[in-house]
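The values are calculated or read from the model by the stated rules, or taken from the named source; none is laboratory data. Keep in mind that what you see is a predicted model, and the values were worked out from it rather than measured. Because the Cβ atoms are built from the backbone with ideal geometry, glycine has one as well, and the counts that use them run over all protein chains shown. The area values use the complete protein model at the heavy-atom level, side chains included, leaving out ligands, DNA and RNA. Shrake-Rupley method; radii C 1.70, N 1.55, O 1.52, S 1.80 Å.
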Amino acid sequence: MSTPYVERGRSGQKRRTLNTLVDAAREMVAAGKTPTVDEAALASGVARSTAYRYFPGQRELLAAAHPETALHSMLPDNPSNDPTERLDAVVVRFTAMIVETENQQRTMLRLSLEPMTGGNLPLRQGRAIPWIAEALEPLRGKMSDAQIHRLVLAIRSATGIESLVWLTDIGGLSREEAVESMRWSAQALLRQALEVGPPRH
């Protein structure tokens, strides 16, 4: 998507057109489909030539349609300086978003496992990594950057759509139980890191 195009002249109208295309793509993703730019244009009533001004290809469209795209932080306003509280706040919000957008998340997970060229889909970009790292910011000075990164990866491996799918589909837990399991796992990993140290490579 070309941001300058969206912001240059009649930006309000262009933003509405952009949102219409993204909404149509998200509805199709939620239904388990993998929309092309042509399909999103048709579903939204936007001309194909116009749609391609916003999204030159399917990859850009799918990236914009991902539920996590516009989120930059999972922390609440005026967050605590306690890493335990900060991490739990982030995991609670992150897992709630995963459950609320589960159909889209499952579709994007499936797509992320398929071989594609020309860059990575959002799930391959590790969007949750900076959110968890931000939660653990108070640990800087107590752990090295490398140690914190290893801890972040461990926590991410125990949360998110991949964990939700395993806990519900394989483990047989309800969504509520799966969320509590992910919260527990994140806190357990943090306690282990504080008491014994983060995972070693």
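Once the chain from D145 to S174 is taken as fully extended at 0.36 nm per residue, the excess over their C-alpha distance is 6.9 nm. Using just the helices of the chain, give the 222 nm mean residue ellipticity in deg cm²/dmol: DSSP H runs with n ≥ 4 each add -39,500 (n - 2.57), and the total is spread over all residues, rounded to 500. My calculation for the chain gives -19000 deg cm²/dmol from helical runs alone.
Take every Cα pair under 8 Å whose residues are at least 6 apart in sequence, average their separation, divide by the length of the chain, and the relative contact order is 20 percent. A cut-off under 13 angstrom between Cβ atoms defines the neighbours of A25, and their net charge, with Lys, Arg +1 and Asp, Glu -1, is -2. What's the carbon and sulfur percent of the chain's accessible surface, probe 1.4 angstrom, rounded to a whole number? Looking at the chain in its full context, I get 51 percent from C and S. If you bin all the Cα-Cα distances of the chain at 5 Å, starting from zero, the percentages per bin are 1, 7, 14, 16, 16, 14, 12, 9, 6, 3, 1, 0.
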